[in-house]
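A.B. asks: The structure's right below; bear with me while I get my questions together.
The values are calculated or read from the model by the stated rules, or taken from the named source; none is laboratory data. What you see is a predicted model, and the numbers here were worked out from it, not measured in a lab. Every residue, glycine among them, receives a Cβ derived from its backbone with ideal geometry; neighbour counts consider all protein chains shown. In case anyone asks, the SASA skips ligands and DNA or RNA and just uses the protein heavy atoms, side chains included. Shrake-Rupley method; radii C 1.70, N 1.55, O 1.52, S 1.80 Å.
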Amino acid sequence: MNMILKEKNRLDQQEFWKEEVVYQIYPKSFYDSDGDGIGDIKGITQKLDYLAELGVTMLWICPIFTSPMVDNGYDIADYKGIQTEFGTMEDLTELIEAAKAKGIKLILDLVVNHSSDEHAWFQAAIADPASPYRDYYIFKSGEAGNPPNNWRSIFGGSVWEPVPNEDNMYYFHTFDKKQPDLNWENPALRQEIYEMINWWLEKGIAGFRIDSITFIKKDQDYEDVAVDGSDGFGSVKVKTRNRPGIEKFLAELNRETFQNYECVSVGEAPGVPYDQYDQYIGEDGYFNMIFDFHYADIDVENGSEWFRRTNWQPQDLKDLLFKSQGAIQNSGWGANFLENHDQPRSLSKYITDERYQNEIGAKALGTLFFFLRGTPFIYQGQEIGMKNFQRETIEDFNDVSSIDNYHRSLLEGYSEKEALMFVNQRSRDNNRTPFPWDAAENAGFSESNEPWLKLTGDQAAVNAADQVQREDSVFSYYRQMIQLRNHSAYRQTLIYGQFSPLKSTDAVIAYERSGNETLQFFVNLSNQEQEIETTGEVLLNNYNELQMQNGAQVLQPYQAVVIRKGENHD
Ligand code: GLC
C-alpha cells in the first residue's frame, strides 16, 4: 500500500471508509474448515460468497494473532504471528486476495493497550528486572504486603498481580491477569508499536479497529479510588480511561501510522464525553471514526457490571441515539452498530416483548441502526436474526467476564439463579456461539461434533441456508438495506445526507436524512400501534403494508418503514 499525504478530515469530504458496509467476524465461531471445532481463516475465505451475496464491502476480523486465547485472542503473544488454530500467514494473504477479488476489504483488530503475559517482551521483563523490556510494562512495589492500590480490573479482582519470584512486586493489568498493560509512557515501546502497525499496513490490509484505546494513559499518581462494590475495590476506569495526557499518545499514534496510509482507523473509545469528540474524530482527529457506547449499554448502569440493570424505555434510547448522532455529526463520522462480540444479541436486548424477538423485531432494529449517519457495522449472525441463548449452569460459559460477573453478582447478595439470569442476559458468549450455517446438529459450523462453545441450539429455526433462499427473511432485508444505501438512487443521501430527528410518539424513533433526496425512517419500538405523520413513497417496510386509520398512518407493533418524501407519491 502506498504512503500518501492525507488531507485533513473534512466533515463533508468523500472518503472510501464512509461508503463501506462493514461485517464483523469472530473467527473462532464463523466457520471451521478443518474439523477441529474452532473457526479459522480458511473458513472465512470459504464463506466469502455468502458475504458477497449479503453485499458487505469490508470485513473486520477479531484478533487472529498468536495467543494463549485467555480472552480469545485479545491477549496477543506475537503481533506478527498467526495463531495456529486459525491458520497461517499464507491463509491470511489468500483471504486478503480472495476478498479483494470480490470487492471486499479487510481490517484487523489492533490490541495495543496490553499484550499477553506470554509475549516475549513480558517474559523478558519478569526474567530480569534490569531488562530493557521491564519498562515496556508497569511494575510497582506493594504497600505493607498489599497491592499498590485498590483498583478493580475490568474482568474482576485487583489490577495488580504479584510478580513470580520477586518480593512485594506487582505488575498492572486493566483486564485479565494474563493481559499485562503496555507502558505507553515509554517512547521505545511506542516506537515498537508503530513499527508493527506500519508493517501490517504495508501488507495490504485496509486498516484497523483499535481495541480499548482509551485506556492507554494511566493517572501517574496511582492513588486509591472510592470503593464502589462489596469486593472492596473501585473501578479502574476512574484512573485509566480517557485520562488527561492521552491526547499526546493518540496524536502521535496517528501521526506515526494511520495518517501516512490510505487506510481506515476505527477506535473502540468508551468513556469519551461528547465535548471531546472533536479531538477524536474532528478535522485533526486521532481516528477516522469511533464507536459510541452511550446507548449500547442502556440496559445496565455500568457496561461491565451486569447485575445493575436499568428499566429503560424506548424514549430513553431515542434520547441517547439522537444525542449521539448530533454529537458525531458536529464533529465527524461515526461507526454505527447494534451488536459486537462484547454485547448480547440485539433482539434480546432491545426488543422487550419476547413475542417480537423474531424476524419482525430483527428487521425493525436493522432499520433503526443501518440508516443512521455513519458507517454501519453488522456483527455475524445479526443479519439472520440470532437471539441470546439460555444456559443452565455457569460451567457452560467460556467468557472471562461472564464468570467474573457471576461471582460478583453472588458477592453483591444475589442468588445463584439471579446471577445466572444476569449472565444469560449479558454474556459476551451470546454473540460468540458458532454460526448456524444450516439446520444440522452441528449447524454446519464444523465437521466436529464438539465445537469450542455450545451452539445456541435453535439452528432449526434460525440458520443461514434458510435465510438466504427466503425472500422475506432477515438476510434478504439486510441485503435490501445494503442495496439501498450503496447501489440505489438514494446512495448520496443515505451515505452523506444530514441527520435530523423527527417528532414522534415516545415509542417511535423517527429521523430524517437529507441530501439530494429526503428520506424518513420510523421505527415502532413497542407492542402497541403508533400513529406517525408522513407522506411519500414507502421504500422499505418490515410489514406487508403501512395501514391508514382515520386519515393517519399507523405503525403496527415493531413496524419499521423507510419513506421517500415527495409530493408525487402517497
Ligand atoms: C475490548 C474487546 C474485548 C476485550 C477487551 C480487552 O473491549 O472488544 O473483547 O476483552 O477489549 O482486550
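A.B. asks: Looking at the range 470-481, can you tell me whether even one residue there is open to solvent by less than 40 Å² (accessible area, probe 1.4 Å), of a type outside the set (Lys, Arg), assigned by TED's automatic domain parsing to the domain that holds ASP49 and over 21 Å from LEU368 (Cβ atoms)?
C.D. replies: No.
A.B. asks: Give the residue that is nearest to the ligand (Cβ to nearest atom), with candidates limited to residues of the range 97-115 that are of a type in the set (A, V, I, L, M) and surrounded by fewer than 19 Cβ atoms within 10 Å (Cβ to Cβ). Break it down into steps so the answer makes sense when it comes.
C.D. replies: Taking the range 97-115 first, the residues of a type in the set (A, V, I, L, M) are 98-99, 101, 104, 106-108, 110-112.
Narrowing the set further to residues that are surrounded by fewer than 19 Cβ atoms within 10 Å (Cβ to Cβ) leaves 98, 101.
Working: ALA98: 26, ALA101: 30 Å.
Result: ALA98.
A.B. asks: Let me ask something else about it. Among the candidates SER348, SER402, SER448, single out the residue that is assigned to a helix (DSSP H, G or I), open to solvent by 20 Å² or more (accessible area, probe 1.4 Å) and of a type in the set (Ser, Thr, Tyr).
C.D. replies: Every option except SER348 fails the conditions.
A.B. asks: One residue is enough: does the range 121-129 have a residue meeting the conditions within 16 Å of the ligand (Cβ to nearest atom) and among the small types (Gly, Ala, Ser)? Spell out how you get there, then give the answer.
C.D. replies: Initial filter on the range 121-129 (within 16 Å of the ligand (Cβ to nearest atom)): 122.
Among the residues that remain, those that are also among the small types (Gly, Ala, Ser) are: none.
No - not one qualifying residue is present in the range 121-129.
A.B. asks: So in the range 317-330, with the set limited to residues that are surrounded by 20 or more Cβ atoms within 10 Å (Cβ to Cβ) and touching a residue at least 60 places away in the same chain (Cβ under 8 Å), which one is farthest from TYR543 (Cα to Cα)?
C.D. replies: GLN325
A.B. asks: Between a residue in the range 332-345 that is not assigned by TED's automatic domain parsing to the domain that holds GLU15 and within 15 Å of the ligand (Cβ to nearest atom) and any residue that is of a type in the set (Asp, Glu) and not in a loop (DSSP other than H, G, I, E, B), which pairs come within a Cβ distance under 7 Å, given they are 6 or more apart or on different chains?
C.D. replies: Within 7 Å, no pair qualifies.
A.B. asks: So, in the range 351-380, how many residues would count as being away from the ligand (no atom under 16 Å from the Cβ), part of a loop (DSSP other than H, G, I, E, B) and either at positive phi or touching a residue at least 12 places away in the same chain (Cβ under 8 Å) (or both)?
C.D. replies: 8
A.B. asks: Which pairs do you get when a residue that is open to solvent by less than 30 Å² (accessible area, probe 1.4 Å) and within 16 Å of the ligand (Cβ to nearest atom), found in the range 203-228, comes within reach of a residue that is in a loop (DSSP other than H, G, I, E, B) and of a type in the set (Ser, Thr, Tyr), reach meaning Cβ atoms under 9 angstrom, with the pair 6+ apart or on two chains?
C.D. replies: Listed by first residue and then by second, the contacts come to PHE208/THR257; ASP211/TYR74; SER212/TYR74; SER212/THR174; ILE213/TYR286; PHE215/THR174; LYS218/THR174.
A.B. asks: State whether the residues of the range 235-251 include one that is under 16 Å from TYR194 (Cβ atoms), modelled with pLDDT of 95 or more and open to solvent by 30 Å² or more (accessible area, probe 1.4 Å).
C.D. replies: Looking for residues that are under 16 Å from TYR194 (Cβ atoms), modelled with pLDDT of 95 or more and open to solvent by 30 Å² or more (accessible area, probe 1.4 Å), one finds at least one in the range 235-251, hence yes.
A.B. asks: Can you tell me which residue in the range 176-194 is farthest from the ligand (Cβ to nearest atom), limited to those that are open to solvent by less than 20 Å² (accessible area, probe 1.4 Å) and of a type in the set (A, V, I, L, M, F, W, C)?
C.D. replies: LEU189
A.B. asks: Out of all the residues in the range 69-87, which are open to solvent by 40 Å² or more (accessible area, probe 1.4 Å) and either within 17 Å of the chain's Cα centre (by Cα) or within 14 Å of the ligand (Cβ to nearest atom) (or both)? I'd like the intermediate steps shown before the answer.
C.D. replies: Step one: of the range 69-87, the residues open to solvent by 40 Å² or more (accessible area, probe 1.4 Å) are 70, 78, 80, 84-85.
Passing the criteria: only VAL70.
Residues checked against (1) open to solvent by 60 Å² or more (accessible area, probe 1.4 Å); (2) under 23 Å from PRO27 (Cβ atoms); (3) small (Gly, Ala, Ser):
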{"position": "ARG432", "(1), (2), (3)": "no, yes, no"}
{"position": "ALA461", "(1), (2), (3)": "yes, no, yes"}
{"position": "PHE499", "(1), (2), (3)": "no, no, no"}
{"position": "TYR511", "(1), (2), (3)": "no, no, no"}
{"position": "GLU517", "(1), (2), (3)": "no, no, no"}
{"position": "GLY536", "(1), (2), (3)": "no, no, yes"}
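A.B. asks: All but one of (1) farther than 21 Å from SER153 by Cα; (2) more than 16 Å from the ligand (Cβ to nearest atom); (3) touching a residue at least 12 places away in the same chain (Cβ under 8 Å) hold for GLU90; which doesn't?
C.D. replies: So the condition that GLU90 fails would be (3).
A.B. asks: Are any residues in the range 540-552 surrounded by fewer than 19 Cβ atoms within 10 Å (Cβ to Cβ), at pLDDT 95 or above and of a type outside the set (Asp, Glu), and if so, which ones?
C.D. replies: ASN541, TYR543, ASN544, LEU546, GLN547
A.B. asks: Looking only at the range 317-345, count how many residues are under 19 Å from the mean Cα position of the chain (by Cα) and either at pLDDT below 95 or part of a helix (DSSP H, G or I) (or both).
C.D. replies: 6
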